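J.: Pasting a structure below so you can have a look.
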Amino acid sequence: MGVLPVPGDGQSFEEAYSQAAEYSEFSPVWGRPTPFYDLADDLSGSWGQTFLEQNIRGNGMFPIIHVSFIGQDLTLVIPPSMESGTLIDGKWREAYKQAVIDVVKSSRPLYLSIGNEVNRWYEKYGVEEGNPNGFQHYVSLYEEIYDAVKELSPETKVFCTFAREIVSENREANLSVLSMFNPEKMDLLVFTSYPYSVQGINRPSDIPNDYYSKALIYLPDKPLGFSELGWPSMDVFGGEQAQADFITQVVGRLTRERGINLHFFGWAWLHDLDEKDFIGLIKRDGTEKLAYEVWKNISGLSE
């Protein structure tokens, strides 16, 4: 179990990470957030010493390192040394691959994601043969990087994450994209998931039993992880009780009771981000929600 330790009101980052570590085993790492071409430097510098070594590892947690090629409005992140680039461009591909290798050297992570919510790119750009940003070019690069990371650090679990929902369109994502990947080069199937964003899902009980398990049609017997899960404690979505029920159902009805090997379970963030956010397990003022009680109970059972 893991969470991004967003601090509450009057709380320092150090205090938030220490609090999170009481009932979490991991924390996601994005850098500051940092673009892929600078991430290794941040991880090996003073920022990494503070957040990676002190706040995460120093509190007995492990990091899940995220590297992403996707920028604002689903555009390709381009290093400042390049004027332009595409997924098929050899110079850009080498820059991304080298950046990931440098991240592994600087942080030696147990878990490494080399693309976040990559199927959002697939849904925008498709796989047309003549498209230099076609998703097939990411898949081939992903497999190149997978091999390079395994050669350097065989114990690192390597994957990319997939969005279970296309939140901006209030619908489920097209899971057929999973068939494009070689199962032998995907150590875990990892999702971000905010099911309440899907039209017609207003309570956890509205989520079909096979909501997650049907993804395993494409990657059979693959361990499943959630890098980000979220359900708000807003009244319109059932309040605090529904948020708590969602956590219970994700670890039970929707995964383990379907025969899924639930490898890790990450919540989006610890405290609400602001007065308009309701995803956190704890309110800004430090008041624990019902979901946090469930979280603590599950954490105790998993020890």
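The values are calculated or read from the model by the stated rules, or taken from the named source; none is laboratory data. Worth saying up front: this structure is predicted, and the values here are computed from it rather than measured. Note that each Cβ is placed from the backbone with ideal geometry, even for glycine, and that neighbours are counted across all protein chains shown.
J.: Determine, yes or no, whether Asn202 is over 19 Å from the mean Cα position of the chain (by Cα) and either at pLDDT 95 or above or surrounded by fewer than 18 Cβ atoms within 10 Å (Cβ to Cβ) (or both).
T.: Numbers: over 19 Å from the mean Cα position of the chain (by Cα): yes; either at pLDDT 95 or above or surrounded by fewer than 18 Cβ atoms within 10 Å (Cβ to Cβ) (or both): yes.
Answer is yes for this residue.
Quick grid of which residues meet (1) of a type in the set (Phe, Trp, Tyr); (2) in contact with a Pro (Cβ under 8 Å, 6 or more places away or on another chain):
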position: Glu123; (1), (2): no, no
position: His137; (1), (2): no, no
position: Tyr146; (1), (2): yes, no
position: Lys157; (1), (2): no, no
position: Arg164; (1), (2): no, yes
position: Val167; (1), (2): no, no
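J.: Out of (1) over 26 Å from Phe264 (Cβ atoms); (2) surrounded by fewer than 17 Cβ atoms within 10 Å (Cβ to Cβ), the odd one out for Pro33 is which?
T.: (1)
J.: So, in the range 224-244, of the ones that are assigned to a loop (DSSP other than H, G, I, E, B) and touching a residue at least 40 places away in the same chain (Cβ under 8 Å), which residue ends up farthest from Phe191 (Cα to Cα)?
T.: Ranking the qualifying residues of the range 224-244, first place goes to Met234.
J.: In addition: Out of Asp210, Asp221, I need the residue that is surrounded by fewer than 19 Cβ atoms within 10 Å (Cβ to Cβ), at positive phi and either in a strand (DSSP E or B) or free of Cβ contacts under 8 Å to residues at least 60 places away in the same chain (or both). Which one?
T.: Going through Asp210, Asp221 in turn, just one is surrounded by fewer than 19 Cβ atoms within 10 Å (Cβ to Cβ), at positive phi and either in a strand (DSSP E or B) or free of Cβ contacts under 8 Å to residues at least 60 places away in the same chain (or both): Asp221.
J.: Output yes when any residue across the range 130-150 is farther than 30 Å from Ser84 by Cβ and surrounded by fewer than 18 Cβ atoms within 10 Å (Cβ to Cβ), and no when none is.
T.: Yes, there is a match, as at least one residue in the range 130-150 is farther than 30 Å from Ser84 by Cβ and surrounded by fewer than 18 Cβ atoms within 10 Å (Cβ to Cβ).
J.: Something else: Hey, does the range 245-254 have a residue that's part of a loop (DSSP other than H, G, I, E, B) and under 24 Å from Arg120 (Cβ atoms)?
T.: Yes, that holds for at least one residue.
J.: Right, another one. Just to be sure, is Phe278 of a type outside the set (Val, Ile, Thr), closer than 25 Å to Ser12 by Cβ, touching a Pro at 6+ places or on another chain (Cβ under 6 Å) and modelled with pLDDT of 95 or more? Can you show your working first?
T.: Details: of a type outside the set (Val, Ile, Thr): yes; closer than 25 Å to Ser12 by Cβ: yes; touching a Pro at 6+ places or on another chain (Cβ under 6 Å): yes; modelled with pLDDT of 95 or more: yes.
Here the answer is yes, as Phe278 does meet what is asked.
J.: Can I ask one more? What pairs can you find where one residue is in the range 275-294 and under 19 Å from Tyr17 (Cβ atoms), the other is of a type in the set (A, V, I, L, M, F, W, C) and assigned to a helix (DSSP H, G or I), and their Cβ atoms are less than 7 Å apart, with a gap of 6+ or different chains?
T.: Leu281/Ala291; Leu281/Trp295
J.: Another question, then. When you look at Gly115, is it closer than 15 Å to Thr75 by Cβ and either surrounded by fewer than 19 Cβ atoms within 10 Å (Cβ to Cβ) or small (Gly, Ala, Ser) (or both), yes or no?
T.: yes
J.: Right, something else. For the range 106-134, how many residues meet the condition of being part of a loop (DSSP other than H, G, I, E, B) and over 13 Å from the mean Cα position of the chain (by Cα)?
T.: 12
J.: Looking at Ile64, Ile78, Ile56, can you tell me which residue is in a loop (DSSP other than H, G, I, E, B) and either surrounded by 18 or more Cβ atoms within 10 Å (Cβ to Cβ) or at pLDDT below 95 (or both)?
T.: Exactly one of Ile64, Ile78, Ile56 is in a loop (DSSP other than H, G, I, E, B) and either surrounded by 18 or more Cβ atoms within 10 Å (Cβ to Cβ) or at pLDDT below 95 (or both), namely Ile78.
J.: Let me ask something else about it. Among the candidates Asp245, Asp272, which residue alone is buried (at least 18 other Cβ atoms within 10 Å of the Cβ), of a type in the set (D, E, K, R), touching a Ser or Thr at 6+ places or on another chain (Cβ under 9 Å) and over 17 Å from Asp206 (Cβ atoms)?
T.: Asp272
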